[in-house]
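Engineer: Dropping a structure here in structure tokens format, bear with me for questions.
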Amino acid sequence: MFDNLLPLLVHWGTLTLALWVASQIFQGISFADKSSLLVAALLLGFANAVIKPLLILLTLPFTLITFGLFILVINALMVLLVAAMVRGFRVSGFWTAFFASIFVSVFSFVSGYFLSGGDAGFQPMPSGTWM
């Protein structure tokens, strides 16, 4: 039962740090206090795990037509949804959420890569193979 607790806490901490750094970089994102930051990170992780796959499935034709770029819009909508739900978390508009969600995604991926010891699920290719 507790085997999955540490990765969950690490992911939550990484997402919290990414949101805090995004609030320092983007003027349109602000947190009233630390508790709103922690709750926003927890809800964003939940929204990305539960709601985002459903939205991707529902908008699959449009996502395919845009070659996957519509997923960036879905990411921004997840940030706006969490901002609407958490008191003390403010996002000024769609474009702020759009660019902040890109930053949070890249920051979380890179920090998760380094926290996992350089293994982010990538399999090295056997030597001598092409592609």
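Engineer: Would you call Ala22 under 17 Å from Arg87 (Cα atoms), in a helix (DSSP H, G or I) and either in contact with a helix residue (DSSP H, G or I) (Cβ under 6 Å, 6 or more places away or on another chain) or polar (S, T, N, Q) (or both)?
Structural biologist: Details: under 17 Å from Arg87 (Cα atoms): no; in a helix (DSSP H, G or I): yes; either in contact with a helix residue (DSSP H, G or I) (Cβ under 6 Å, 6 or more places away or on another chain) or polar (S, T, N, Q) (or both): yes.
Here the answer is no, as Ala22 does not meet what is asked.
Engineer: Of the residues that make up the range 51-60, is at least one surrounded by fewer than 18 Cβ atoms within 10 Å (Cβ to Cβ) and among the hydroxyl-bearing types (Ser, Thr, Tyr)?
Structural biologist: Yes: the range 51-60 contains one or more residues that are surrounded by fewer than 18 Cβ atoms within 10 Å (Cβ to Cβ) and among the hydroxyl-bearing types (Ser, Thr, Tyr).
Engineer: Just one of Ser36, Ser101 is among the polar types (S, T, N, Q), in contact with a strand residue (DSSP E or B) (Cβ under 6 Å, 6 or more places away or on another chain) and farther than 20 Å from Val10 by Cβ; which is it?
Structural biologist: Numbers: Ser101 fails: in contact with a strand residue (DSSP E or B) (Cβ under 6 Å, 6 or more places away or on another chain).
Of the residues listed, the single one that is among the polar types (S, T, N, Q), in contact with a strand residue (DSSP E or B) (Cβ under 6 Å, 6 or more places away or on another chain) and farther than 20 Å from Val10 by Cβ is Ser36.
Engineer: Scanning for something in a helix (DSSP H, G or I) and in contact (Cβ under 8 Å) with a residue 12 or more places away in the chain, does the range 54-67 turn up at least one residue?
Structural biologist: Within the range 54-67, the first condition is being in a helix (DSSP H, G or I), and the residues that meet it are 54-58, 60-65.
Still in the list and also in contact (Cβ under 8 Å) with a residue 12 or more places away in the chain: 55-56.
Yes.
None of the figures in this text is laboratory data; all of them are computed from the coordinates on show. None of the values given here were measured: they were computed from a predicted structure. Cβ atoms come from the backbone with ideal geometry, glycine included; neighbour counts cover every protein chain shown.
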